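Notes to accompany the following structure.
The values are calculated or read from the model by the stated rules, or taken from the named source; none is laboratory data. Being a predicted model, the structure only gives us computed values, none of them experimental. Here the Cβ positions follow ideal geometry from the backbone for every residue, glycine too, while neighbour counts run over all protein chains shown. The accessibility values were calculated without ligands, DNA or RNA, using every heavy atom of the protein model including side chains. Shrake-Rupley method; radii C 1.70, N 1.55, O 1.52, S 1.80 Å.
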Amino acid sequence: MTYIVQPMVLEDVEEVGRVERECFAAPWPASAYRRELRENTVSRYIVLRHFPDDSRAVPSGTTPADVDSDPLSQMKRAVSHLLRPFGVRDADSRDLPPILGFAGMWLMFDEAHITTIGVSPRVRGKGLGELLLVHLFDEAGKIGAHRLTLEVRVSNDVAQRLYRKYTFREEGVRKRYYSDNGEDALIMWTERIDRPEFVGMLAESRRRLDQRLMREAPP
Ligand SMILES: CC(C)(COP(=O)(O)OP(=O)(O)OC[C@H]1O[C@@H](n2cnc3c(N)ncnc32)[C@H](O)[C@@H]1OP(=O)(O)O)[C@@H](O)C(=O)NCCC(=O)NCCS
């Protein structure tokens, strides 16, 4: 079995919306995702799927550890990014397993701003939120970002724990940031992600995560 993180494309938006409504009290409308994918040149959005061993769509021999590193996967990812504005994917979407999670960010000079991350409630606690976050770090690192930032509800302990595990720390508060209930947001920032200490920590975390994902039963 293999978890694969792919660039989000327009044909994913409806399904992402279904997962998002399971995740957030105030989900984004589908039009917001379409705008992000079509018009926002600094955005990167990803989706996570689980491919069983006998799936026809998964690249053969792909494992969580080598999704990004083998040349074929890198080429496919690059092609997917290139084709993204036209809503085209390199595999037939009818073959694709359901979306289990999604995430996104804006890449701005030396900063990356995480805009969203969510995992379907039925597969939480299995390391998938962490897998999505690690992929955002990878993408941010590739464009030379120094730090990542995000806003999180003050009451969202689970997400804050995930972020703290990857060096995010509170650096401010946005008062009444969330319009649905007037809740404050914590503004969190990582350490410098280009420092050797962070790069080493990320590699080690990724190794442990890959082992966990291989070990634990799929949904
Ligand atoms: C936040 C979210 C993405 C985490 O996804 P997940 O797949 O359940 O998380 P993981 O299994 O990858 O866990 C990663 C870390 O998060 C923390 N965490 C996850 N579930 C937790 C729980 N029930 N209680 C406390 N901490 C928890 C832990 O630090 C965990 O690391 P560990 O496994 O070493 O203990 C998921 O809970 C979610 O979609 N929540 C709703 C949407 C949301 O709040 N998004 C964040 C917006 S800022």
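Remarks
- Cβ-Cβ contacts under 7 Å between residues 6 or more apart (or on different chains), taken from a first residue in the stretch 143-164 that is under 20 Å from Asp180 (Cα atoms) to a second residue that is more than 6 Å from the ligand (Cβ to nearest atom) and open to solvent by 60 Å² or more (accessible area, probe 1.4 Å), are listed as Glu151/Arg174; Glu151/Tyr177.
- Condition met for Tyr166 (closer than 22 Å to Ile4 by Cβ and hydroxyl-bearing (Ser, Thr, Tyr)): yes
- Matching option when the condition is in contact with a strand residue (DSSP E or B) (Cβ under 9 Å, 6 or more places away or on another chain) and free of Cβ contacts under 8 Å to residues at least 40 places away in the same chain, among Tyr45, Tyr33: Tyr33
- The condition of being open to solvent by less than 30 Å² (accessible area, probe 1.4 Å), away from the ligand (no atom under 16 Å from the Cβ) and modelled with pLDDT under 95 holds for only one of Asp68, Asp95, Asp90, that being Asp68.
- Scanning the stretch 111-125 for residues that are buried (at least 21 other Cβ atoms within 10 Å of the Cβ) and of a type in the set (A, V, I, L, M) yields Ala112, Ile114, Ile117, Val119.
- Selected residue (criterion: surrounded by the most Cβ atoms within 10 Å (Cβ to Cβ)) from residues of the stretch 126-164 that are near the ligand (Cβ under 10 Å from one of its atoms) and within 16 Å of Val199 (Cβ to Cβ): Leu133
- Scanning the stretch 20-56 for residues that are over 19 Å from His113 (Cα atoms), open to solvent by 20 Å² or more (accessible area, probe 1.4 Å) and among the basic types (Lys, Arg) returns Arg21, Arg56.
- For the stretch 168-197, the set of residues classified as of a type in the set (S, T, N, Q) and open to solvent by 20 Å² or more (accessible area, probe 1.4 Å) consists of Ser179, Asn181, listed by residue number.
- Some residue of the stretch 198-208 being surrounded by 19 or more Cβ atoms within 10 Å (Cβ to Cβ), in contact (Cβ under 8 Å) with a residue 60 or more places away in the chain, within 14 Å of the ligand (Cβ to nearest atom) and under 19 Å from the mean Cα position of the chain (by Cα): yes
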